[in-house]
Every structure is written in structure tokens, then in C-alpha cells.
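Let me begin by presenting the structure, written as C-alpha cells, before commenting on it.
The values are calculated or read from the model by the stated rules, or taken from the named source; none is laboratory data. Quick caveat, the model's predicted, so the values are computed rather than measured. Positions of Cβ are backbone-derived with ideal geometry, glycine not excepted, and every protein chain shown enters the neighbour counts.
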Amino acid sequence: MMRGRTRRLYEKALEEMSRKRPERFRRNVEAKKEMASEVKKILEGSRSFVIASAVGLPGQQFLEIKKKLESQGLMIRMIKGSVFLKAASELGLRGVDKLEPMLSNPSLFIFSDRHNVFELGSLIKSIKTYRKAKPGEKTDAEIVIPAGPTGIPPGPMISVFGRLKIPVQPRGSEIHVIRDTVVAKPGQEISPELASLLNKLGITPFIVRLNVLAGYENGIIVPGESLVLDIEGTREMLREAATRAMGLAVEIVVPDRYVLEAAIRRAYMRASTLTIELGIVTPENAPEILRRAYARALRVAAEIQKLVDLGVKIETPKPHEEKKEEKREEEKEEAGEEKKEVSEEELEQGLSALFG
């Protein structure tokens, strides 16, 4: 049982809370409406957006990344999932309901009015900052103490460097590291002493990037791991595919001007090689046939000379000259087979002929 004075105070507090609750609720509703209205305006002016997780993102690093993103003309906002989904549904954006499962935790939204979703994802992934090491963390890369002045005065800290096997010398009023020294390798745990020293030296070895969850553009949702493209790798893959496609087109003689030119060149080289092998003399291949016939005659004469003295000096063709002739023929054949790299224009024209 409450006493009279305590009971009155309790009832007064309940009465005051009941008066404030509707007002607080009304303010929250108005704030959400204003935020939803702002999100709608941002979405209307955006070509694409990317969602990133804000879980575990240090405040200082978030501000640094935000500054870098905004310098690239991007807009970054932390928006509640319910507010975003309401604004997106009111605009009739297709497929946004599929984003709901990843919006249960605090999320960052990065908007762009000019980048497609892949360009935006690649740009976000390229932006990074660094943070201090914490005791007990495992590093994913080597940590190196660079040679040079440390700004730390001589004294007890020399023994700390010694325990961490960092070669140092006291020079004047500060400690100098003699040479670059690896103090942690990938997978190694950071000790409290090493973490403290790294902080004193101003070394921030851990990279911080945004954890991209997904991207959105024109109703298409792209998972975060698929947003960053290997541009050079893709270009090389397309170049190789185009070369193979051109080779196939030449092999089956697709009736296209660029393909036919390559096919005719290859057919000419094959025919030329065949006439030489068969000994069919033409004005074009006569010098080559004579060179081969002469070389063969010398080889035959050299073999006969081993058995019978012919009474004449026979010049034996040198092996490297024969190999040179064979190599020349192989190069011609390779040229005929379109082994050499074609230009990007020829590839583009050939692909257009093949696939329309």
C-alpha cells in the first residue's frame, strides 16, 4: 500500500505522462511524414541507388566516407527501412518489396542522378578509409613500421620496441626506426602492446569500406557482390570471344565482306602452300620452289657423298637455315589461320555480321 503523499506523486506522474504521450506520438508521425516526403524527392531525382549496412561502421570513418562520396556528387542518407519502403511504394517503384529483408538493421542509402547501378557500386567500393588497430583483432594484411623518426622520445619506449623486435636507435630527442619492419602478418592477432604502439605512431592499418548489400535501378535489384565489375577482365574476355567468333565465321565462310576478306586470305595462303608442296610452278611461287629443290638436292648429294666420292665440293645446308625456312612457312600458315590479333574495329564489324 502506498502512503498518501507517495500515491499523489505517482498519480500526478501518470497524468503528466498520459498528456505527453499523444504529443510525442504526433511529433514522431509528423517527423516520419517529413522524412518520407524528402526520400520521395530524392528518389524522383535519382537514376540509381545502393544500400549499404551501417552496422559496426565507426562514426569517424563514416564521416570520412560520407565526405568522399559527397565530393563525387553522390547523396548519402541513413533512412529507416519502414520510411524508405513507404516512400518507394507511394512512388510505385517496382520490386522494392524485395529489399525489405535487408532493411531490418540500420542502413545507408547512396543515391546518384547520373551513374548506372554498376558504376555507382564500383565507385562506392573504391572509396576507403582507415582505422586504428584494436587489441585482439586479427589482421588481414602485413603491418609494417616504416624506417625513420617516430616522434617518440627515448626512454622506456625503447624496451617496447625491443620486445616487438623493431630495430631502433635514439637520435637526438627522438627514437628512430632503423629499417622497415614487419610487426604483424596476415591472420596474426594484434597484442595490446602492439596496438598501443601503432596508435602512438599514428599508424591506422585496418581498411574500412562500406558493406554494400544491393543496388537498384529501373526495377532491377543487383546483389552487392555482383555490383563491382572487372572491366579489364571483361574487356579481355569479350576480345577473346570476338576473336574466336571471327575464326569460326572464317572457317564456315559467313557471307560478310570482312569475313570473306579474311577467308580469301587464308584460302590463298593454303593454296600457295599446297602448290609449293606439290611442285606446281607459278610466277609467284617459283623462287620458293627453286630454293626448296636446291636444298633437297644438296641434302641428297651430301648423303651420296658419304658412300661415293663425287669429286666435287658439296655445300651442306645448315640446320638453322632449314629451320628458318620451316618457321617462315609456319608463320605464313598461322597468318592464314588468323592467329594474329585483329583490331577492335574488325572484331566489332565481324561480330555485327555474325550476330546482327
Task: Exclusive hit being in a strand (DSSP E or B) and at pLDDT 85 or above, set Ala271, Ala241, Ala214 - done: Ala214
Open item on the list: Could you go through the range 108-116 and let me know if any residue there is under 30 Å from Val183 (Cβ atoms) and touching a residue at least 40 places away in the same chain (Cβ under 8 Å).
Closed with: no
Task: Check on Ala87, more than 23 Å from the chain's Cα centre (by Cα), touching a residue at least 24 places away in the same chain (Cβ under 8 Å) and within 20 Å of Gly202 (Cβ to Cβ) - done: no
TODO: Report, by residue number, each residue of the range 183-195 that is outside any loop (DSSP other than H, G, I, E, B) and either touching a residue at least 40 places away in the same chain (Cβ under 8 Å) or surrounded by 13 or more Cβ atoms within 10 Å (Cβ to Cβ) (or both).
DONE: Val183, Ala184, Glu189, Pro192, Leu194, Ala195
TODO: May I ask you to verify whether Ala133 is crowded, with 16+ Cβ neighbours inside 10 Å and assigned to a loop (DSSP other than H, G, I, E, B)?
DONE: yes
Task: Count of the range 274-291 residues which are modelled with pLDDT of 85 or more and over 28 Å from Val250 (Cβ atoms) - done: 4
Task: Given (1) within 19 Å of Asn211 (Cα to Cα); (2) touching a residue at least 40 places away in the same chain (Cβ under 8 Å), index of the condition Arg47 fails - done: (1)
Open item on the list: When you scan the range 154-166, do you find a residue that is in the same structural domain as Lys185 (by TED's automatic domain parsing), in a loop (DSSP other than H, G, I, E, B) and surrounded by 19 or more Cβ atoms within 10 Å (Cβ to Cβ), even just one?
Closed with: yes
Open item on the list: On the basis of being outside the structural domain of Ser46 (by TED's automatic domain parsing), out of contact with any Lys or Arg (no Cβ under 8 Å at 6 or more places or on another chain) and modelled with pLDDT under 95, does Pro106 make the cut?
Closed with: no
- [ ] State all residues of the range 244-266 that are in a helix (DSSP H, G or I) and surrounded by 14 or more Cβ atoms within 10 Å (Cβ to Cβ); if no residue qualifies, say none.
- [x] Ala245, Met246, Gly247, Ala249, Val250, Tyr258, Val259, Leu260, Ala262, Ala263, Arg265, Arg266
TODO: Give Phe111, Phe84, Phe118 a once-over and let me know the one that is hydrophobic (A, V, I, L, M, F, W, C), outside any helix (DSSP H, G or I), surrounded by 13 or more Cβ atoms within 10 Å (Cβ to Cβ) and not assigned by TED's automatic domain parsing to the domain that holds Ser173.
DONE: Phe111
Open item on the list: I need the full set of residues from the range 46-73 which are under 23 Å from Lys98 (Cβ atoms) and surrounded by 11 or more Cβ atoms within 10 Å (Cβ to Cβ), in order please.
Closed with: Ser46, Arg47, Ser48, Phe49, Val50, Ile51, Ala52, Ser53, Ala54
